[in-house]
Structures are given as structure tokens and as C-alpha cells.
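In what follows, a structure is listed as C-alpha cells, so that the remarks can point back to it.
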Amino acid sequence: MPSVELRSVHVEYQLLSVRDYNLKNRVVQTARRKFQEPVVIDALRTIDLDIAEGSRVGLVGPNGAGKSTLLSVMGGLLPPTRGTVRVAGRVLALLGGSGAGLDQEASGRDNVVSMGVQLGESPRDMRRRIDDITEFSGLGERILHPVYSYSSGMQTRLRFSILTSLRPDVLLLDEGLGTADAEFTARANERLNQFMSSAGILVFASHGDALLREQCDEAVWLDLGAIRQLGPIDEVLKSYHASHSREDAC
Amino acid sequence: MSARHARTAARPGWRSPTLNWHGYAPLDASIGAQFNAAAGDVAEGIRRWRSWTYLAIEQVKNQYRRTVIGPWWLTLQTAAMVSGLAVLFGSIFGQPLHDFLPYIGGGFIGFWLLSGLTGQGAGVFVNNASTLTSTRQPLSALVFHAVTFELLQFGHNLVIIASLAALGLVPLGVEILLVAPAVLIILLNGLAVGLWLGPTVARFRDVGPLVASIMQMMMFFTPVFWSVDDVDGSGRNALVAWNPFAYLLDLFRDPLLGEFPSAATWTGVAGVTAVNVALAVWVFSRARSRLPYWVS
């Protein structure tokens, strides 16, 4: 039964300045027993969150609010600085730029296999899935071309198609469909609906209200790394937008 | 879904059963927990041998995509280098070519493997930053992949050794069988180097270029195309005695010259391997959870 539970999750990014990266300075500092404290950014502050099976959660908030960091933590790609994360079920995350994790020189077809293999599938199983993935991605003949020749929307489509073909229990999307076209978005929504009917969990960070309303029932509003509000999607979006207009009015 | 803002402390001893291997240990976990997580990572890495073998083969194919003879370019390149060096240094040192060619061939190909493993190991996490932060997999799998990639390149160069053997320049005695364990020991060292030097380079970015410079120097300080007997001076012993590459190179090359590696070579290799493995255990345990922070 898929579930996501975060307890007092805190993420601090230390800004390793040029000075800190430098081994010589580090050695000198150690010798003098004098450390310069690095600049710390609190990307997430004391996040407590339970997501039960069948939930579709939207993440909203301004740039730098911690949405992507939260998804990385849920996806097991970034250990929290403090706190605990528990994810039951297979979690797959569509994070990073449109080409993240793709080998640009290799064809789309080869990338289908190698991305699946990196996620623990066997090459044979992935080869069997190529036709389905090609069809769903709508890439057609272009699947044979190297990925560097794809537009960023096409790369997103490829990654989305690969990940969802692996039947995740928990799917994390970071502006996942931001650059895909309307036709693909409609198909993707359909697949997400299928996925949701099998009681998966979807967490979707986006700035697009329409997409969020279509895919999510609930939302988390992140601000400066902390949860400002959570509840039904319409309520959260309403107060989120109200906060802009209030700030604009000031 | 419910938020529990009131709750501040994590439940004690609350650990995920599903995050055993890839769940990074929390940053503030004890060194024992960090070690267990690192060991679990390596165990899962080994279990996924099919994945990284496949990925390494694909990488070799990709590297030479759009070329006609593909990875054999590397073989040609090595063959050109070896014959050039053999002719040049053979005449400088007054060595007959049929003695010197296998010495230089084995030396150059062996050193190429050592240097390739060091370079790959140093860059393994920095070069895979995008994968590491977007695709969940054991970090050791990235190192296994890098080591396998070097092994495949080395495999293509073995054709040169085979040609030398066909020309009767490599004595095919019982010693030649030692080449296989020698390569395995070198690969084990390459794996260990990836696990300790890789995180070091990710944290201290100066180390990457430093390693590259040292490897250039090592090419000359290691008896690749000269022999210890050819060089005079008291410094030469130190060059070889304190050079980890010299021991590993002799381990690989001596059997090709029909010699059994000396006791000093075996001792040196044991020492180098022990230090590498110890560093790998120490650094990889401590650094593993922090790597996503260092490369992002």
C-alpha cells in the first residue's frame, strides 16, 4: 500500500563557496583550527506530511519555495539534513531539466532501455516495452534519432513515457509536462488517471493552475521551505493567489 | 493527508524497510549506520551486475557512434604509440626491439588501464551528477559501470598483446596465466579508488585537475618505457618504491615477460590494495549521504 510520510524533515544546503571547495584553504583552516561557517540555505524547514494511497497532491509556491527539494527528498534522491522519510511502494520521479538522466548521444530507443536498466529493470524487459513507450510518447520514427536532436518537449515526453511504463506506486512530477504540447498533455492526463485508479500517489509541482486543478484534489502551499497551507486544491490556490494580490497592493 | 506541525521529534528508531539499500542514511546517523548503508549500496551494486555491464557496453558503443571502426581506433592508437616508443627508447637504451617491444607494449597497456581507472574513478560522481540527482540507483553502480567501461577499453588493447604473442615476442609459459588475477586485482583497486577518490573530487573540486596532472607525471615516473636498471642514481629506487602504480604495473607486466612477479611486487600490491580498500570503506561510508548535496 503506497504511502509517503515525512517527519520533521529539514534540508539545509550549504553554499560551498569557492573558498570551501578549495582543498588548500581547507587544510590551512584545519591546521589553524579556524573554520569559516559556510552560508546555509534552509530549503525545507520542519516538514511533516502524510500522503495516503490514492492521493493526488499539488505543490504550489513561488520559485525557491522548496518544491523541487521536497520532491527530491520524497524520491529518495536527497537525504534530509534532519528528520525521517518513509516511502512505501515504488517511487519514480521526473525531476531535473528536460534531458536529465538521458544520454544525449544515444537514440531515444537506446535511452528507453538504459534508463529502465538504471532503475533496476532488465534490458530484455525494457526492449519489450519499447514499442509501447514509442507509441505513447508519440515520437514515432524519431525514437531512432539521437536525443540531442529532440526538442525539450520531446525529451520530457520520452522520460514521462518511460517512467509511467514502469508502473510506479508513487509518481513525482516537477513541472513534468511543462514543455509538452497540448495533445500529449491530454494523453498524459489519461494515463495519470489510470494510474490513480490503481491507488497510486501523485505529487505534482507546477505553476499551472489548470493542470493542477485537473490532476490534483489536494495541495500543499510551500513558502520559504515551510508548509504555509494544505487542504483542498481550490482553497489552497485561492489563498495562494490572494497572497500575491495582497502583496501587490502593499 | 494531514500535516502534523505539532510533532517535532521523529519516532525513535523509525526506519524505512523499503529504503534499505538506496535510502541514504540520514546525515546525522552514526558512523555504524552510515557504514551499513554504504555496504548495502555496494551489495545492491553487485546484484545489479547486468545493469552496469549493459550500460558500460552501451557507453563504448556511443563513444564511437558515427565512426566506422569504432573502439578499434583506441587499439590502433595504442599500437602506434607502442611501436613509436619501442623504436625510440629501444635505440636510446640500446635494447633489441624484440625484447623491448613486449616490455613497452605490456607497460603502456597496463599503465593505460591504471591511469584510465584513476581518471574514471576521480570523475565518477561529478560526471554523473545529473543521473545521481534524477535517477535513483545505488551509487556504487556508477563506479562499477566506470570500472567496466575501462575494462572494455583495455580488452580492445589486449589484441596488441595477442599480436605480440603471435609474433613469438611474448613467452607463453605458465606465468602468462597470472595476467588474469593481476587484472582482477587492478580492477578491485579501481573500484576502491572510485569509492574514495570520486567523493573526494566531488567535495574538493581542485582534486580533479590535480589527479589529472599527477597522472601525467606518473606516466614518466613509473617504469613504463624505461626499466629501473636503465636509470642511474639513488632517486630511482624511491621513484619506484613509493609509487603504487609501479607495483600494480609489474604485477601485470611480469607474466607477459615470462617472469613470476617478485615477492617485493606482491608485498607492494598487497599494501596498495589494503590502503585503497580501507580508504574506500572510510570515505564512501562517510560521504555517501552527502554526495547529492555536493554535486547538485
Among the residues listed as A:ASP20, A:ASP103, the single one being assigned by TED's automatic domain parsing to the domain that holds A:GLN118 and either modelled with pLDDT under 90 or open to solvent by 20 Å² or more (accessible area, probe 1.4 Å) (or both) = A:ASP103
Mind listing whichever residues of region B:176-202 are open to solvent by less than 10 Å² (accessible area, probe 1.4 Å) and within 10 Å of the chain's Cα centre (by Cα)?
-> B:ILE186, B:ASN189, B:GLY190, B:ALA192, B:GLY194
Out of A:ASP174, A:ASP181, sole residue that is surrounded by 18 or more Cβ atoms within 10 Å (Cβ to Cβ) and assigned by TED's automatic domain parsing to the domain that holds A:GLN215 | A:ASP174
Quick one: which strands (runs of 3 or more DSSP E) sit completely within region A:37-99 and have at least 3 residues that are more than 10 Å from every other protein chain (Cβ to nearest Cβ)?
-> A:39-51, A:56-60
Search result, residues across region B:36-78 that are closer than 11 Å to B:HIS145 by Cα, facing chain A (nearest Cβ under 9 Å) and part of a helix (DSSP H, G or I) = B:ARG50, B:SER51, B:TRP52, B:TYR54, B:LEU55, B:GLU58, B:GLN59
Please tell me if B:GLY258 is open to solvent by less than 10 Å² (accessible area, probe 1.4 Å), in contact (Cβ under 8 Å) with a residue 40 or more places away in the chain and away from every other protein chain (no Cβ under 14 Å).
-> no
From (1) open to solvent by 10 Å² or more (accessible area, probe 1.4 Å); (2) farther than 22 Å from A:LEU77 by Cα; (3) more than 17 Å from the chain's Cα centre (by Cα), pick out the condition that doesn't hold for A:MET126.
-> (1)
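The values are calculated or read from the model by the stated rules, or taken from the named source; none is laboratory data. Since this is a predicted model, take the numbers as computed values, not measurements. Neighbour counts are summed over all protein chains in view; Cβ atoms, including those assigned to glycine, are modelled from backbone coordinates with ideal geometry. Only protein heavy atoms, including side chains, enter the accessible area calculation; ligands, DNA and RNA are left aside. Shrake-Rupley method; radii C 1.70, N 1.55, O 1.52, S 1.80 Å.
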